[in-house]
Amino acid sequence: MNTILRKSVLGVAGLAFTGGVFAGPVAAHAADTTHAAKPVTATVQSDKLIPHGVQGDQSRIDLNDEQTANVKAIIAATKKAGMDERAAVVSIATALQESKLENLGHLGDRNDHDSQGLFQQRPSSGWGTVEQITDPEYSTTAFLKGLKQVDGWKDMPLTKAAQTVQVSAYPDHYAQWEQQAADLVAEHWNK
């Protein structure tokens, strides 16, 4: 797919996607104090995991068993796709921002669009069926396919790479999760 066509397709999908993500999942988590983001200091600083250094204040949440299982599913799907640890960091940081690593179904009144799953992908935007995008392996693979199409994603700051795939109304918000995502990849990649 040529670059102009790909950007057009990603832009249209992103515009359709953007409205529901931030009206739903962000609002849903706003009152959830168990997931309150808090600034943290850097734990892992690796050229492979964080080649550009973290950008801005970092946030961190405590993960429950389901969220940890989703981290492991993202890492497994990344390996299966033949991608490296950096791709897993970008994927996990994106899922932290979009869903706090919770495999969200439809949020009813708190979600005025059809965004679902770890990456808040929309069936109406062509990401797959509800069953597919609420499957962690499928949704990660779909995200990674989008990431692979981003020319030079490995040489970009995380937030720019994630934003190019997700086309969020809040493009800089992915950056706050880079340190925790890198820590999770460092912890779980070789298990």
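The values are calculated or read from the model by the stated rules, or taken from the named source; none is laboratory data. Everything numeric in this text was worked out from a predicted model, so none of it was measured. We place every Cβ from the backbone using ideal geometry, glycine too, and count neighbours over all the protein chains shown. Each accessible area value is taken on the protein alone, full model and side chains, heavy atoms only, with ligands, DNA and RNA left out. Shrake-Rupley method; radii C 1.70, N 1.55, O 1.52, S 1.80 Å.
Just a few scattered comments:
- Restricting the stretch 51-72 to residues that are open to solvent by less than 30 Å² (accessible area, probe 1.4 Å) and modelled with pLDDT of 85 or more leaves a set whose member that is farthest from K100 (Cα to Cα) is Q58.
- Among the numbered conditions (1) open to solvent by 50 Å² or more (accessible area, probe 1.4 Å); (2) acidic (D, E); (3) part of a helix (DSSP H, G or I); (4) at pLDDT below 95, the only one that D112 does not meet is (3).
- Residue within the stretch 85-99 that is of a type in the set (D, E), assigned to a helix (DSSP H, G or I), surrounded by 17 or more Cβ atoms within 10 Å (Cβ to Cβ) and modelled with pLDDT of 95 or more present: yes
- Meets criteria (open to solvent by less than 30 Å² (accessible area, probe 1.4 Å), modelled with pLDDT of 50 or more and not polar (S, T, N, Q)) for G20: no
- Residue in the stretch 174-189 that is in contact (Cβ under 8 Å) with a residue 24 or more places away in the chain, farther than 21 Å from L63 by Cα and not charged (D, E, K, R) present: no
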